[in-house]
Amino acid sequence: MLSTLKELFGALQPPPAAASAHSVEHTLQLATAVMLIEVMRADPDIGRPAELAVIAALREKFSLADDEVERLIELAHRAARDATDWFEFTSHINAHFDMPTKVRMVEYMWRVAYADGELSAHERHVMWRISDLLHVPHGAYINAKMRAKDAAGD
């Protein structure tokens, strides 16, 4: 347990100047997974469709194997539960993702929010807050929302 927590917190530390590309990629994967998990947790009735939407987003974004996705989601649940704010995650994303990539991530988050066919006020608030921390312009935020809503069949 202690080694897992050290691994988790080590992944969230700012990478040293000579950090490997693998280390940076792992940190981005964890930060992205936490944001997806936070959207999923915004709905008190977390259902299988939301979990499947998180898995699909991580597979599509990072081309991960099933066991890698499972481990990443496990770490993301712990990190989300233990985090005091979202800035530690969004700052990594802002430092390494360009705007089109962040907009795509917002679309993934909307897909998670729409996965159960309902969108609560709390899910909308979480989406707005994370998008704001990612500095996603309002127009791009709305377009991502509409694409996700269309994909959900609403």
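The values are calculated or read from the model by the stated rules, or taken from the named source; none is laboratory data. If you're wondering where the values come from, they're calculated on a predicted model, not measured in any experiment. With ideal geometry, Cβ positions are generated from the backbone for all residues, glycine too; neighbour counts draw on all protein chains shown.
Before moving on, here are some points about what is shown:
- If you check A140, A144, A148 for being assigned to a helix (DSSP H, G or I), in contact with a Lys or Arg (Cβ under 7 Å, 6 or more places away or on another chain) and either without any contact (Cβ under 8 Å) to a residue 60 or more places away in the chain or surrounded by fewer than 21 Cβ atoms within 10 Å (Cβ to Cβ) (or both), only one passes: A148.
- The single residue among A115, A80, A152 that is closer than 21 Å to V24 by Cβ, of a type outside the set (F, W, Y) and at pLDDT below 95 turns out to be A80.
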